[in-house]
Each structure stands twice: as structure tokens, then as C-alpha cells.
1. Spot the failing condition for residue 523; the list is (1) small (Gly, Ala, Ser); (2) touching a residue at least 60 places away in the same chain (Cβ under 8 Å); (3) at positive phi, and only one is missed.
2. Based on this model, can you work out whether residue 418 counts as among the charged types (D, E, K, R), without any contact (Cβ under 8 Å) to a residue 24 or more places away in the chain, more than 26 Å from residue 561 (Cα to Cα) and surrounded by fewer than 17 Cβ atoms within 10 Å (Cβ to Cβ)?
3. Mind listing whichever residues of the stretch 439-454 are in contact with a strand residue (DSSP E or B) (Cβ under 8 Å, 6 or more places away or on another chain), surrounded by fewer than 17 Cβ atoms within 10 Å (Cβ to Cβ) and outside any strand (DSSP E or B)?
4. Might you check whether a residue that is in a strand (DSSP E or B) and of a type in the set (D, E, K, R) occurs anywhere in the stretch 621-634?
5. Inside the stretch 708-737, can you point out the residues that are closer than 20 Å to residue 751 by Cβ, open to solvent by 40 Å² or more (accessible area, probe 1.4 Å) and either of a type in the set (Lys, Arg) or not in a helix (DSSP H, G or I) (or both)?
6. Tell me which residues, restricted to the stretch 501-521, are closer than 18 Å to residue 464 by Cα and open to solvent by 50 Å² or more (accessible area, probe 1.4 Å).
7. So which of 329, 333 is in a helix (DSSP H, G or I), open to solvent by less than 10 Å² (accessible area, probe 1.4 Å), modelled with pLDDT under 90 and under 26 Å from residue 259 (Cβ atoms)?
Amino acid sequence: MVVSGFAALGYQIVWTQQATVWLGHEAAAVLAVVAAYFGGLAVGAMALGPRIDRSPRPARWYAGCEAAIGLWSLALALLMGPVTGWLLALIGAQPSPARHWSVAFFGTFLLLLPATAAMGATLPAMERVMAQMRREGSSIAALYAGNTFGAVLGVLVAAFWLVPELGLARTAFVCAALNLACAALALNLFARNEALEPPPVRPDTPGVLLLLAATGFLGIGYEVLVVRVLSQVAENTVYTFATLLAVYLVGTAAGAAAYPRWPSVRDRLLPMLALACLLGTVSLWGAEVFKAAALRALGPSMAAALAAEAALAAAAFLLPTFMMGAVFSHLSSTARAAGIGFGRALGVNTAGGAFAPLAFGVLLLPALGPKAALLLVAAGYLALSSRAWSLPALWGATAATLALAALAPPLAFVDLPEGGRIVSYREGAMAAVSVVEDSGGVARLRIDNRQQEGSSATLFADARQALLPLLLHPAPRRALFLGLGTGVTAASAAEDPMLEVDAVELLPEVIEASAYFRRKLDGGAPNPRLHLMAADARRYVRVTRERYDLVVSDNFHPARSGSGSLYTVEHFRAVRERLAPGGLFCQWLPLHQLDLDTLRSIVRAFVAVYPGAFAMLATNSLETPVLGLVARSDADRFDLVRVRERMLDWAGRRSPPEFGIDDDLALLGGFIAGPHALARFAGDAPLNTDDHPIVAYRAPRITYVPDSLPRDRLIALLHQLEISPDALVAASADAAWRSRLAAYWAARNRYLSVGHDVRPTPDVRRMLSQVREPLLSVLHISPDFRPAYDPLLRMATALGHIDAVSARALLTELQHAQPARPEAGQALRELSVRGSGLPPRP
């Protein structure tokens, strides 16, 4: 049973990831797939369990179920893609939550049913086998514990080794081989010892079945709620959720194993479970402090970070799940003594669990908040303890529940800076979304208090991520933005009066919160050309029939669960199908959240679909560098004449120069690599695909333990990439302009290298001592490179108030470096007038 439990949880990881990649990562889809898995287990246990109980040959049933699991999992390798594709079309681009849940649940339920039903029957079949052989392992508790410990191994081995190394399909093949091996061993070891007659079946009573269903419902509900609360403290990677599930299962297995040794407390198990859930809930209020203390004690390493997350899970899960394992063993044993077969007991319990994701995750949590929903779980267990109301512990648990409900603060984690305030906070089915404003008036949008989606101070960078690709397309009329964040990027694009903009965002709460930032951008006037849609970006791209001149994909955090699927070959190929003739796709990548090895896999996936791709920088930031992969549907180079015409024709409310895009050199000067350089950089890095999700399993490493600074990675990347004007621009550009562009790129690289070692200071003299000569050398490389000119001009102006002689010398040098720009000469004249005591000339 250990091997069977191992394979079952391995399948759950594989099938859940495969299904949600296709059907969407909205709460309705994710929780529907989980519910469908549990539903299939329940159907198998209830439908086949009674037959197994009546059969004189349970070993053959067990072998048949294991063989069915293995064979159907092999069939799913061929069926999963086509069937989920049909379900995708049935769901549509923007389904209602009810339609989305229904199609995802029933479709996945039927697709997985042959395997999940067989899984649900394996434990009842083995229980009958062991009972016939009259072995010590015939107790339900020991059998359930062994199966659950196997599930723990399945979760950890699949998440930490099999899937990262082999991919999803090969992991399923490994699990299928284990199932087939179990079938063969069962026939060889047990079939010869089967009894000739089935055991008698006595009439059952319904009371214990109601308890089994209710405890299954509350137990999975507790899991769903705790995972959501801890997502505001943990890193939310694939390893996070594997660790949480493993700890949940460890506690359940330990409780089942300990149950036979607890004969004196069996009548008090439900009140003890209610109290355990209360204690687990109380631990959540100290989760942030507990995690920080664990990290300080364990030191910086990925193992330490995962251990800290495991410690959080243990505090919230171990005691409650220990009691859950004991309670299930007790109720199952009671049911068997009453004549209810183990299969039926297990099926009813699992069926109750199948309803929990919808009830707690989709309905109760957003409506009541996590605190009230968790206390409702404890209250539910207390209500089931009706025969134990004379126990003092029960009254104590009841009083504690009421006290927490009345006095405890909400289970909401929001880092509030000194003097700051919470502008908005919204608890959704998938995440908590907050807008926090600091004492300086800078507002930040955060998801689960971990992932910052932008701020009111990043208008410059956010707007450039829209304007750069917009200006590269000669005449866009329809644009699609995947990911919304603060909404500034999509809203900046929608300022173009000739452009219709669709923006797709997974979390409705983010759309609601983005209104705060968009009001600061547009003064509160809604833009009729900006259409916001709550949907999964991958699913929308696959389902919509719209064609877009421009598709811009946000710089999704690659380590967060689900984000890696937006960097796969399959997704990039789906985007290509949505591009209109002459269309352009820009995929922004957060280099400050990516190591270079993971970046190579993403780049290789991109160039596998777009072999003529280029790379550019969104800004010259060293702290938060953002890399853009740019591809044209015709795989052609850029036409300089059309680029210039496009910049002249821009009619948006804000002009490109406001965002540092003064001319064609500033626009094209952000490119850092052409097709050949990108292909060489990617090399033979493993492709990030739906089946082999490299990014999801590699990106968390740098999130848990950063091994370098973003500025170091940017400089290292620039050293490995190169670009030539001939690779980027068509023959319409003259030789002199091409030389200026090459010089601009050289100046840009020198500028970033200079900035790498600069230590900012408010003292203008100390700052100039660091940057004056290096920045002037940058201007000598390219007088067109304004990012070196502007800071020197600002510092010279500030210096003029305290040292006019030095300021005049610097301004003179700026005049010589960039004689075509009037700003330095104007500042010199103002400095001279101020020195003479005369008012400035108008």
C-alpha cells in the first residue's frame, strides 16, 4: 500500500498541473480539478467497495484496480491534450464562474474517472486481503497509515525529483509502472491465500456515515483555508505547496498509526480535533514571526528556506491532521463493526472532501475571510461532538472559538511601513490583494503580501513597457496585454487614440485595485478603448478568435506557482496564432527575479517559436532590470523610415520624450541582442514546455536564496550578448546613422558598467566625484546618449547653488560633449545671470 499511495499522489501532482495548464489557473478551475480528483476516488470506493466486500477474491480486485490505474494513466498521455482542448473550447474566453467550475469539474472528473475510481477501490481491496490473511496489518488504521506515508513519499519525490528531471508525462509513466508492478505482486503473493467464501455482511446504520462525510468535508476545508493563509507568508512556489501537502499527509498518517494505541480517548477524539484545529489556527497569527526566526536560526540556503516553510506547515497542520487521521480510523473501524464496508466508509469520507474546495475555497473564504472560515471548521467539529458535551475540554474549545471570533484580528498579512496606510485590501478565492501607501505617498500593489505588482513610483518604467513595443509597430489598431498589475502599462497604451486595448488579468481583485493607480494616471476618467477582462491569460490566448497587431506579456514572477506556464513553447506558439499579419509580440522578463540558467530555458523556448527574435531592455535600471523578448510575425527586421514615421504620428496624451524616448536612437538603442546572439545564449538549455516545466522548478532557487544581485546578472548578460545595426534595421538606414546606433549601444553598456559600482548619496559633490568622469566618457562614446547627459545636467544645476565655478566647468564640458542640445548652454546663462544679481532673461 505504500507503493500504491506513492503512485496516487504522484498522479495527483501530474494531473493537476496538466489540467490547470489547459483549463486555467482561476480558483474555479484549480479547485474544480482537485474536487474532480477526490470525486473520482469517492465514486470508486463507494461503487466498487461493496462488491469487493462480497467477493471471495479481493486480491484479484486489488490487482485489477492497480492494473486499471496504470493502463489508464498511459492512455491519458494520449487523451489529456485533445480532451482538455475540447473542454477549453467549451469553457470559452470569459466564462462565468459557475460555467467554468462545471465544465472543469465534470470534464476532469470524467477524464480521470477510470483511474481515480480504481484508486478509490485499492485501499478497500487491500483491507479485505489483509483481513482474510488475519495479519497484524489488517487493521484499518495501520493500512491507512501505510498508504498515507506512501503518499507523502509520492508528493516529495514527484515534486523534488521526478517532475523536474523527467517531466510530467514520464513521471506518470513511472507511476504507471509502479501500479502494474503492484498488480503483478498482488496476484503472485496474495491470490493463492484467498478464502473461498465471502464474509457475511451485516446491516449498516447511517449515523456513522454522516460523521464520515462531515469530517471529510471539514478536514479538506481546513487544508484549503490554511494553505491560503500561509500563501501570504510562504513563497508560493511548487515546492511550497508540495511541502504543505506532505506535512498534511504526515500528520494524517501518524494519527492513523497511533490510533490503535489510544483506546482510552476514542470517545473524546472529535472534541480533541476541534481543539487541535483551534490551536492550528492560532499558530497562523504568529506565522511571519515564526518564519523569520526559523530563517535566522537555519541560515541562508534553499534547504533552510524550505525547512522554514515546513515548520510553518507543521505548526498549523501536524496536530489537527494527527487528530484527523485518528478520527478517520476510529469512524472507519466503528463503521466496519456496524456492518458498513470500508469501501463505503472511505467513499463517503472522500465525497465529503470533494465538496470542500468549492464550499470553502470559492464561497466561504471570500465571503467571510479566512479567520471566520477557519473558526467555522472548528465549530463544525464541535457540533459533531454532541455526545461529549459533558467534557470540560469541549466547553473550553467552544469558549476559545467564541473568543477568537470576537477578539482576534483578521488573518491578513500586510507589511505596513512606518507612517503608511492600507488603501485597500481584498480577500479573494485565490489571493489577498492589497494597496499600501507609505508616508511619502507612494502606493504599492501586492498579491498575498509577497509579490509586488508595481507602484505609483514606477510610472516611467511601466509606461515604457507599453510605449516601446507600440512604437516598434508601424500602425497598431488592436493590442492585447497579458497581465494587468497596476494597470499603468495597458492604460498608457490606451492613450493612443487609434488603438483598442484588451487587458487580461487572472485575479479580479487586481483589476479592482488597479483602479486606484489608473485614476492617478488618467485623472479618474475611464478610457473607453481600455477593456479589462478577468481570465487566465493562457486560456484566453488559446480560446479567443481575435487577432492582434500587438501582444505584450507582463513580466510575471517566474517562481510563483502557475507563472512558469506563461513562458513555455506551447504558450508562445499560441500567441503567434493570435498575431495579425505584421504583428509584434513582446514578452517582458523580470531579470531581477531570474537567474541566467532559467533565463536560457525561457529564451530557448521563445526562439524555438520565433527564430528571428530580438532582446531589449525596458529601462537602464540596475536594481530592477527588465528584459524584453521581441518578435515580429514576419520575422523581418525593422524599417527605420517607418519607425520615424510612427514616432512622428504618435498622438497619445503623453509624448514618448516624457518617458526617455526622444528619437529613433533612444527607441532602438534599448536593443541588446539579435537572433544569432539569442540562439547562441540559449545554447542547449532545456526547453521550458508544458510537459517539462523547467521554469517552475528552477526559478524558485533564486527566490529562496539569491546568489547574486540583479545588477550583476545584467552586466553578465550584456557580456554574453551582442547586436549589430545590420541585424536589427533594414537597408533603408544609412551608414552614418548605423554608426551612431552602434555607438549608442556601446555607450549604453559603458553607462551600465559605470553605474554598477556607484553608491548613491544626496551629497552632490560626493556623487559627482563618483560619476563625473565616467559619464563624460560615456558621452564621448556617443553624444546621443541622453541618460548620461541628463543626470550630469541636474547635478551641475544643483552644484551651482553652492559652487558656481565647478558648476560652470561641468556645464561647459557638457556643452562640448553634446553641442546639439541647448540645456547646458541655457543653464550656463542662468548661472551667469544669477551670479551678476540680475533677474533671468525671459
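1. Residue 523 satisfies all of (1) small (Gly, Ala, Ser); (2) touching a residue at least 60 places away in the same chain (Cβ under 8 Å); (3) at positive phi except (2).
2. Details: among the charged types (D, E, K, R): yes; without any contact (Cβ under 8 Å) to a residue 24 or more places away in the chain: yes; more than 26 Å from residue 561 (Cα to Cα): yes; surrounded by fewer than 17 Cβ atoms within 10 Å (Cβ to Cβ): yes.
In short, yes.
3. The one that is in contact with a strand residue (DSSP E or B) (Cβ under 8 Å, 6 or more places away or on another chain), surrounded by fewer than 17 Cβ atoms within 10 Å (Cβ to Cβ) and outside any strand (DSSP E or B): 442.
4. yes
5. Selection gives 709, 722, 724.
6. Correct list: 520 only.
7. Values: 333 fails: open to solvent by less than 10 Å² (accessible area, probe 1.4 Å).
Among 329, 333, only 329 is in a helix (DSSP H, G or I), open to solvent by less than 10 Å² (accessible area, probe 1.4 Å), modelled with pLDDT under 90 and under 26 Å from residue 259 (Cβ atoms).
Every residue, every condition in (1) in a helix (DSSP H, G or I); (2) at pLDDT 90 or above; (3) within 28 Å of the chain's Cα centre (by Cα); (4) under 22 Å from residue 129 (Cβ atoms), yes or no:
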residue	(1), (2), (3), (4)
325	yes, yes, no, yes
346	yes, no, no, yes
364	yes, yes, yes, no
395	yes, no, no, no
398	yes, no, no, no
405	yes, no, no, no
410	no, no, yes, no
416	no, no, yes, no
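The values are calculated or read from the model by the stated rules, or taken from the named source; none is laboratory data. If you're wondering where the values come from, they're calculated on a predicted model, not measured in any experiment. For neighbour counting, all protein chains shown are included, and Cβ atoms are generated from backbone atoms with ideal geometry for every residue, glycine included. Heavy atoms of the whole protein, side chains included, go into the accessibility calculation; ligands, DNA and RNA do not. Shrake-Rupley method; radii C 1.70, N 1.55, O 1.52, S 1.80 Å.
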